[in-house]
Amino acid sequence: MNPANPPNRGPLLLTLIFPLLLSVLAAAFLYQDASFAPAPLPMDAIAGPPVAAPVVLGEMRNSSEFVHLEGCLGPEDVAYDHGEKVIYTGCEDGWIRKVRVEDLVPEKWVNTGGRPLGLVFGLHGEVIVADTLLGLLSVTKDGQVEVLTDEAEGVKFKLTDAADVAADGTIYFTDATHKYSLRDSTLDLLEGRPNGRFLSYDPVTKETKVLVRDIYFANGVVVSPDQEFVVYCETVMNRCKKYYIKGEKEGTVENFIDHLPGMPDNIRYDGEGHYWIAIPVGRSAAWDLALGSPFLRRILGFLEKHSLRPKIESDSGVFVVDLKGNPVAHYYDPSFSMISSGTKIGNQVYCGSPTNPYIVCMNLTGILPGGSSSV
Ligand SMILES: *[C@@H]1O[C@H](CO)[C@@H](O)[C@H](O)[C@H]1NC(C)=O
Ligand SMILES: *[C@@H]1O[C@H](CO)[C@@H](O)[C@H](O)[C@H]1NC(C)=O
C-alpha cells in the first residue's frame, strides 16, 4: 500500500458498519415489544392452491351498489327481519341501525354502549349481538340491553365476533381472540397464535361453555338448517370447521371447507341451500409469504403499530358453498377489501364491513345460476 495514499475508510464504514448498525437498531425496534411475538403457523394446512368454484365473478363491483347509511361507519354484519322487511346492522358508534329494505333509509335503534358486530334474531324476537367490547348481548324488542356473558373459564372475551341461535335456543358464538381488541385485530392475525374460542351459551342455565379452544382467529358462526352441526370460521387458516351438536358425532370437529381463496369472516345461511362466506382479504402472494414467515409478520406488525403497514387487502368478496361445503360460486373484486358478511335477501346480497362507510349490495339477477327472486 502506498503510504502517500492512506486507505479510504469511507467505503468500509458504508458497506459494513452502517448496515450493521442499522440492523441492530431495526432489531431493537422490532423486538422492543415483547408482548407481540409472531409464531410459526401450521403452513401444511394453509399452503396449496385455493379451492375453485364452478362460477367465478371477479368484477363484483359491476353488479353492485354502494349503500351509504347516514352516520354509520363499519356496518359489519347484516341481519334481516323477514316480517318487518328491515335490516339490522351494528355501527362503529355503538348504534344498531334499522334499515327498511324498500328505501334503505337508516334509523337509529339501540346503542349498546359498545361496538356491535355479529347480529342474529333470537327465538322470541330479541336480537342477539356479539359486541366486541361488551360480550354476548341480548336486546329485547323494546330496546333493553342485557349482557348474557363476557367470559369463560376465567378468561374474559376481548373480541366477541359472531353468533347464531339453534332451534333449541342455545346460542353459539365466537371470541375471535382473548388477547387483542378489534382495533388491534390485525396484530392478532399477524402474531399467528391460536387465541380464539368457539363457545355456547345456554339461556336457561345461563351457562357459558368453551366448545373449541386454540382457534386461529375464531370468526363467523352458523347453525346448519338440519341442526346437526355448527360451522365456525377460522380466519387465519383460510378455513371453516363444523362442530357436531347432535348424533353420534356430537362434540367432534370436522373440516367444512378449507383452502378458501382468502380469509373467511362471517358465514350466513340463505334458507335456499347455500352458505355465504364473506372473504375480507383475498389470497395474495404477499400475504401467503407473510403467513409463512414469523419474521416478516413481525416487521408487518411493527409497521401496523405505526400505521405504516402496506395495504395487502384486496380481492374481497363472498364465497358460496352448498350444505356439504362444496364450492358453488365466488364473487369478488380486486378493488374490494374488508367485506365481512354476505346476507342474501331476495336476489340481492348485502355485504357489510367493519371499516367501509357503506354496505355493498350485489344484484344477483342474471349472475346466480338458479337464483330465485322471492323476498
Ligand atoms: C366492469 O366494469 C369495468 C369498468 O367500468 C369495465 O371495463 C368492464 O368491462 C366491466 N365488466 C363487465 C363484465 O361488464
Ligand atoms: C337487478 O338487476 C335486474 C336486471 O338488470 C333489474 O331488472 C333489477 O331491477 C335489479 N334489481 C335491483 C333491486 O336493482
**Some residue of segment 331-342 being farther than 25 Å from G83 by Cα, of a type outside the set (G, A, S), touching a strand residue (DSSP E or B) at 6+ places or on another chain (Cβ under 8 Å) and more than 16 Å from ligand 1 (Cβ to nearest atom)** = yes
**Message:** I need the full set of residues from segment 24-61 which are over 15 Å from P294 (Cβ atoms) and either of a type in the set (V, I, T) or within 16 Å of ligand 2 (Cβ to nearest atom) (or both), in order please.
**Reply:** V24, V51, V55, V56, L57, E59, M60, R61
**Prompt:** When residues of segment 95-108 are filtered for being closer than 21 Å to I345 by Cα, among the hydrophobic types (A, V, I, L, M, F, W, C) and at pLDDT 95 or above, how many remain?
**Reply:** 2
**Asked** Can you tell me how many residues in segment 302-330 are more than 16 Å from ligand 1 (Cβ to nearest atom), touching a residue at least 40 places away in the same chain (Cβ under 8 Å) and either within 16 Å of the chain's Cα centre (by Cα) or within 26 Å of D188 (Cβ to Cβ) (or both)?
**Response** 10
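Conditions tested, residue by residue: (1) part of a loop (DSSP other than H, G, I, E, B); (2) of a type in the set (A, V, I, L, M, F, W, C).
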site: P49; (1), (2): yes, no
site: R61; (1), (2): no, no
site: V67; (1), (2): no, yes
site: D77; (1), (2): yes, no
site: E84; (1), (2): yes, no
site: T89; (1), (2): no, no
site: I96; (1), (2): no, yes
**Prompt:** Within the bounds of segment 282-303, is there any residue that is crowded, with 23+ Cβ neighbours inside 10 Å, over 25 Å from S35 (Cβ atoms) and in contact with an Asp or Glu (Cβ under 8 Å, 6 or more places away or on another chain)?
**Reply:** yes
**Asked** Which residue out of D81, D131 is farther than 18 Å from L199 by Cβ, more than 16 Å from ligand 2 (Cβ to nearest atom) and not β-branched (V, I, T)?
**Response** D81
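Here are some residues: D184, D142, D164. Which one is acidic (D, E) and assigned to a loop (DSSP other than H, G, I, E, B)?
Being acidic (D, E) and assigned to a loop (DSSP other than H, G, I, E, B) holds for just one of D184, D142, D164, which is D142.
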**Asked** So which residues in segment 112-144 are among the polar types (S, T, N, Q) and either surrounded by 16 or more Cβ atoms within 10 Å (Cβ to Cβ) or under 16 Å from the mean Cα position of the chain (by Cα) (or both), if there are any at all?
**Response** T112, T132, S138
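The values are calculated or read from the model by the stated rules, or taken from the named source; none is laboratory data. Because the structure is a prediction, the values reported are computed rather than measured. Don't worry about glycine lacking a Cβ; one is built from the backbone with ideal geometry, like all the others, and counts go over all protein chains shown.
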